[in-house]
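Readers should treat all values here as calculations from the given coordinates under stated rules, not as data from a laboratory. All of these numbers come straight from a predicted model, not from anything done at the bench. Here the Cβ is made from the backbone with ideal geometry for all residues, glycine too, and neighbour counts use every protein chain on show.
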Amino acid sequence: MKKLIFNIALLMLCISAAAQTKTVSILGDSYSTFEGYLEPDTNYVWYFDYRARTNTDVTKVTQTWWHQLISSKGWRLLKNNSFSGSTICNTGYRQEDVTRNSFLARMDNLGGAPDIIYIFGGTNDAWANSPIGEYKYEGWNKQDLYSFRPAMAYMLHHMTNRYLNTQIIFILNSELKEEVNESVRTICKHYNVKLVELHDIAKQGGHPSIAGMKAIADQLKNVK
């Protein structure tokens, strides 16, 4: 009888612990990619598994910012839908139409109902010189979504309504042009979305190195 009671108590403890484990999904660009850890697996990748490259020293998934963060918190990765080179808006490099792989195209595909969503974007919008557009918080049309400001607003409007009871955190890269930085600050404030502005991130080829990845994880660990 005592053994039965002990087993029931242990089971209840395990169930309680599982219920308290937070799930995390990521909507990102190259900074959050890693070979073999993306859904869908057709997404473009920047960081590869144990493959030596001249433009990065990151070769293990355990070196990525998100793996370090999630491991340190005891959380569980639900889905990483990151796509190298992707913009938030539907205008990409060379002013190409990237409607199929922009953040807007992927924002509904984050694994159902995660506890936390990290949006790590805006870098390629800045680098590609995507149209900045005007602030717009309702009544978006198709053409609006080819510019950064209305696309960013549409994304946060949609996601804050789509993912109820989910904490959404936007991560803003360091060393971007101020026009993009200020746009992100303004739009995140409008939707009451937590914003983390990164600083002092070591990079190779414009992308976080091992040291840069650790800095990102460290700057996110105490965010509530």
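Do we find that Leu164 is of a type in the set (A, V, I, L, M, F, W, C) and within 17 Å of Gly28 (Cα to Cα) in this structure?
No, not satisfied.
Would you please list the contacts, defined by Cβ atoms under 9 Å and residues six or more apart or on different chains, that run from a residue in segment 124-148 that is in contact (Cβ under 8 Å) with a residue 24 or more places away in the chain and part of a helix (DSSP H, G or I) to a residue that is of a type in the set (D, E, K, R) and crowded, with 19+ Cβ neighbours inside 10 Å?
Matching pairs, first to second residue: Asn124/Asp29; Phe148/Asp125.
Just to verify a result, which residue in segment 116-157, among those that are buried (at least 20 other Cβ atoms within 10 Å of the Cβ) and on the phi > 0 side of the Ramachandran plot, is farthest from the chain's Cα centre (by Cα)?
Gly133
Checking the conditions here, which among Lys221, Lys214 is charged (D, E, K, R), closer than 19 Å to Asp57 by Cβ and touching a helix residue (DSSP H, G or I) at 6+ places or on another chain (Cβ under 7 Å)? Can you show your working first?
Working: Lys221 fails: closer than 19 Å to Asp57 by Cβ.
Step by step, each of Lys221, Lys214 is checked, and only Lys214 is charged (D, E, K, R), closer than 19 Å to Asp57 by Cβ and touching a helix residue (DSSP H, G or I) at 6+ places or on another chain (Cβ under 7 Å).
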